[in-house]
Structures are given as structure tokens and as C-alpha cells.
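The values are calculated or read from the model by the stated rules, or taken from the named source; none is laboratory data. None of these values were measured; they are calculated from a predicted model. All Cβ positions, even for glycine, are placed from backbone atoms using ideal geometry, and neighbour counts span all protein chains on display.
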Amino acid sequence: MIRFLAALAVLLASVVTAHAATTLTTAPFTITYTNNSNTGEPDISLAAQTPLTISISLDTLNRDLQYWPAIDQAGEGAVNGGGHASLLEVDVHAGYRVTGISVHALGYGELAPGQLGDYPPGTATNHAALDWTLTAPGTTLPFSWQLDNFQGLQPFALATGPLALDGSFRLDFFATVWAQALASGGDGSYAQSMALASIGNAILNVQVAAIPEPATYAMLAAGLVLLSGAACRHRSRR
């Protein structure tokens with residue numbers, strides 16, 4: 001079981017981590033990981049990119065919240081858990097606009113209360129939660145997801161809906177996972193209880209759109225004037 005859980009933790013953490021950095025610059029925007037709850041260098045990395053969506057792996061968040069098992073074999077009780085808090089600052093480049101943001105992640109839980117003869121069964125509980133907030137001039141949008149006493153893989157997504165953001169804004173993340181177990185039995189004979197909670201594969205998806213520069217609008221207007229003049233001349237000749 002332990003080997004299986006360890007392998008699962010590696011699998012859940014297997015997002016793209018090439019070119020991990022504190023600051024990531026793309027054509028539409030620059031995103032900077034300015035604060036992290038734990039020690040060590042905070043990392044983000046580019047997971048995927050299309051003309052309309054840029055996907056960023058939240059590597060430090062994934063590391064902080066992966067694989068938190070609580071295992072009790074002697075009736076003493078076991079508790080295990082981790083937390084994460086971070087701040088990302090986004091600077092939108094000229095000529096672009098952010099039109100939507102979503103966070104996709106994967107929760108995973110296991111609950112295995114022990115049972116020994118006529119003793120009461122053991123207990124196994126877990127919890128996972130992820131909150132994030134978008135703060136922009138004149139806008140504050142909070143989002144929240146949580147599960148208690150859950151089993152298996154639990155994909156989830158938190159999305160803003162349509163936006164029209166330029167300039168700068170920030171994203172605040174706060175997340176926790178914990179597990180608690182108590183074995184069944186007594187008098188020196190016990191049946192193991194185990195619980196596990198995990199959040200991984202957290203991806204920040206930023207939808208973007210290019211917006212014409214003022215010079216582009218001027219060229220379009222000039223073109224419309226020329227077309228209109230040509231149409232008028234054509235009608236006058238008929």
C-alpha cells in the first residue's frame with residue numbers, strides 16, 4: 001500500500017516542470033510568483049500554450065500539498081497535513097487583454113479504517129481545500145473548493161467567467177490538506193487505520209485576446225474612408 005501511495009504521489013505531481021522559474025514571461029503577460037508560505041524557491045512553469053490560452057503549472061503549490069498520509073498502528077492516533085499560501089502578480093502587456101481565468105486541479109483521498117474482532121472499528125478522516133482570489137482595480141472575485149472524507153480522484157475547476165483585464169492584477173492562493181487515523185483494538189493488539197489527502201496537478205489557465213493598437217484602428221478607419229469614396233465615385237459614374 002505504501003509503495004502504491006508513493007507511486008501515486010509521483011504520478012499526481014507529473015505536470016510539466018521544465019523551465020521552472022519565479023517569473024514567467026509570455027507574449028500577452030508576465031506573471032511573477034512573489035510570495036510563498038514555505039521555504040525554498042517558489043516555482044511556476046509553462047504547461048501549455050495556444051493563441052487563446054496559456055496554461056501555467058503551479059509547481060510549488062503541487063509540491064506543498066502532495067501525499068499527506070496518516071497511519072496509526074498502535075492506537076495512539078496519527079495526524080498529518082500541509083498548507084500553502086502564495087501570491088502571483090500578473091502584468092498584462094500592451095496589445096493584449098485577459099478575458100478569463102480558471103484553476104484546474106486534482107484532489108485524491110484514501111480512507112481505510114481498521115477492524116479487529118469485537119473492538120469498535122478504527123477511524124479515518126481527511127480534508128482538502130483550495131481557495132483563490134482575483135484582485136484587480138475595482139474587482140475582487142473569490143473562489144473556493146473543499147472536500148471532507150473523500151475517496152479516490154476528485155478533479156475540480158474554479159473559473160471566473162468573462163473578464164476584460166489589462167494593466168496589472170493579482171492572484172492569491174490558500175490551500176490545506178490533512179488526514180487523521182485511529183487504529184482499532186486494544187490491550188496491545190491493533191488493526192491499522194490509514195487516511196490520506198492530496199491536491200496536485202494544479203494548473204492556472206489564462207485566456208487572452210489581442211486588441212488592436214490605436215495605429216491599427218487608424219488604418220482601418222482610413223481603409224473604410226477609401227472604400228466609401230470609391231463606392232461613391234462608382235455610383236456617380238452610373
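Being surrounded by fewer than 16 Cβ atoms within 10 Å (Cβ to Cβ), without any contact (Cβ under 8 Å) to a residue 40 or more places away in the chain, acidic (Asp, Glu) and within 29 Å of PRO42 (Cβ to Cβ) is a condition met by no residue of the range 170-190. Does ALA164 meet the test of being aliphatic (A, V, I, L, M) and surrounded by fewer than 17 Cβ atoms within 10 Å (Cβ to Cβ)? The answer is yes for ALA164. Of everything in the range 137-161 that is over 21 Å from THR60 (Cβ atoms) and among the aliphatic types (A, V, I, L, M), the residue that is surrounded by the most Cβ atoms within 10 Å (Cβ to Cβ) is LEU147. If only residues of the range 1-58 that are aromatic (Phe, Trp, Tyr) and under 25 Å from HIS93 (Cα atoms) are counted, the one that is modelled with the highest pLDDT is PHE29. Within the range 152-166, residues that are farther than 22 Å from PRO137 by Cβ sit with their Cβ atoms under 9 Å from residues that are outside any loop (DSSP other than H, G, I, E, B) and among the hydroxyl-bearing types (Ser, Thr, Tyr), at 6+ positions apart or across chains, in these pairs: GLY152/TYR108; LEU153/TYR108; GLN154/TYR108; ALA157/SER102. Of the residues making up the range 54-65, one or more are in a strand (DSSP E or B) and either farther than 30 Å from LEU196 by Cβ or more than 16 Å from the chain's Cα centre (by Cα) (or both).
For the range 148-162, which positions are more than 18 Å from the chain's Cα centre (by Cα) and on the phi < 0 side of the Ramachandran plot?
Passing the criteria: ASP148, PHE150, GLN151, PRO162.
Quick one: would you say THR140 is closer than 23 Å to THR34 by Cβ, in contact (Cβ under 8 Å) with a residue 24 or more places away in the chain and of a type in the set (Val, Ile, Thr)? Answer is no for this residue.
Against the condition touching a Ser or Thr at 6+ places or on another chain (Cβ under 7 Å), in a strand (DSSP E or B) and either among the acidic types (Asp, Glu) or modelled with pLDDT of 95 or more (or both), how does THR140 come out, does it pass? It is true that THR140 is touching a Ser or Thr at 6+ places or on another chain (Cβ under 7 Å), in a strand (DSSP E or B) and either among the acidic types (Asp, Glu) or modelled with pLDDT of 95 or more (or both).
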